[in-house]
1. Report the label-to-label distance for Glu182 and Ala279 in nanometres (one decimal), using points 7 Å from each Cα along the Cα→Cβ vector.
2. Under 20 Å from the Cα of Lys102, which aspartates and glutamates turn up, not counting those fewer than eight places away in the same chain?
3. What angle do you read, to the nearest 10 degrees and between 0 and 90, between the alpha-carbon axis of helix 221-230 and the longest principal axis of the chain?
4. With the contact rule set at Cα under 8 Å and sequence spacing of 6 or more, what percent relative contact order holds for the range 22-144?
5. Which pairs break 32 Å Cα to Cα here: Lys37/Lys220; Lys37/Lys318; Lys220/Lys318?
6. Compute, for the range 268-363, the length of the dipole vector about the Cα centre, with Cβ point charges of +1 (Lys, Arg) and -1 (Asp, Glu) only. Units Debye, rounded to 20.
7. For Ile71, what residues show an amide H to amide H distance below 5 Å, using hydrogens built from the backbone and excluding near sequence neighbours?
8. Could you check the spin-label model distance between Tyr269 and Ile42? Points 7 Å from the Cα along Cα→Cβ, value in nm.
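Just so it is clear, none of the values below were taken in a lab; they were calculated from the coordinates. The structure presented is a predicted model; accordingly, all values stated were derived computationally and were not measured. FYI the Cβ positions are ideal-geometry reconstructions off the backbone, even for glycines, and counts take in every protein chain you see.
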Amino acid sequence: MTERAAPSDQALAAAPDSALRATACIVLADGQVFYGKGFGAIGTAVAELCFNTAMTGYQEIMTDPSYAGQIVTFTFPHVGNVGVNIDDDETGEPVAAGMVVKWDPTEPSNWRATGDLPDWLARRGRIGVGGIDTRRLTRAIRLQGAPHVTIAHDPAGEFDLDALVASARAFPGLTGMDLAREVTCAQSYRWDEMRWAWPEGYRRREAAGRRVVAIDYGAKRNILRCLASAGCDVTVLPATATAADVLEHEPEGLFLSNGPGDPAATGVYAVPMIQEVLAKSDIPVFGICLGHQMLALALGARTIKMNHGHHGANHPVKEISTGKVEITSMNHGFTVDGQTLPEGVVETHISLFDGSNCGIATTDGRVFSVQHHPEASPGPQDSFYLFERFVASMR
């Protein structure tokens, strides 16, 4: 259901009876209003609205730091059916500002569940909106671009639509926004936990491995687990780490993590660090997602804002050198402009959805990166070999 929000009393007067009984709404900056049923936290949230096509992993998605500044519309209708558990958190708290779903969350039915989604959201201060025509909302996002929105949850169903529209219009957007500073770690730490495996769960790495410094622009835990499982002794540094901070650890490799926001804004401090490390050492460098974009900027390319981005666990990516197609997990609203790659840097992967850049490498192969998330969580594991390639390049 949609209505124009001008002014609020007229909009409510024109709304159908079902809308008057709604306990939540989504208000777009252009005045469209979607009414639904609220769950989770009570209040309002303002952010950019995107959609995610993954069929599993709503908890991992909500706790992915790359979703800072965004509200996620889930196109898959079954949300909440596996509950929540502490092992599936990709960071300490949910980072996405809220979630939008078609059906109300169902009761959990999974042996790993330790709680249900609405309670988990309420405790973490995140709003959920159900009962939404997510196909119509997704179509609006695809046609108009990722809109700025306000979501509101009020059990009494009382909404000041004028104020909600105004707050959506006042949202500055992600362009020019450095969000890596907000989600990065406060200080350095070591990481030795490996990927989940039956029946032990998460095991600790005990054998010595390659010394790797990982820059945390908003790193997911499972990315660090993949590095450990591939044979790395990982030291994580904050996003603002300098080249001196990195080289002090005498690393055999440098990893640049995923993260949120505008890469050009984060690049103000990240790009000089990467350039200095490349100039002063010959260690391999591997980046993913925002780390991929940081590396591209450091090598002389440019990044651009996408219309609605890539968010899902079913994105086909082609490796140009082999012709192999991988099904990948993606979450990004900016992309590297493949037309701006400088001499000595080649495009290694492309999206088969729209042809956008999904990977680069220097011609000597020492430095490489990909746009997708090779660790999945959620999603397929077709691209795990990239972690092994990174480790092999250190030998």
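1. Distance between label points: 3.2 nm.
2. Glu3, Asp17, Glu48, Glu60, Asp116, Asp119, Asp133, Asp154
3. Helix 221-230 and the main axis of the chain meet at about 30 degrees.
4. 31 percent
5. Over 32 Å Cα-Cα: Lys37/Lys318.
6. It works out to roughly 140 debye.
7. Glu48, Leu49, Cys50, Ala97
8. 3.9 nm
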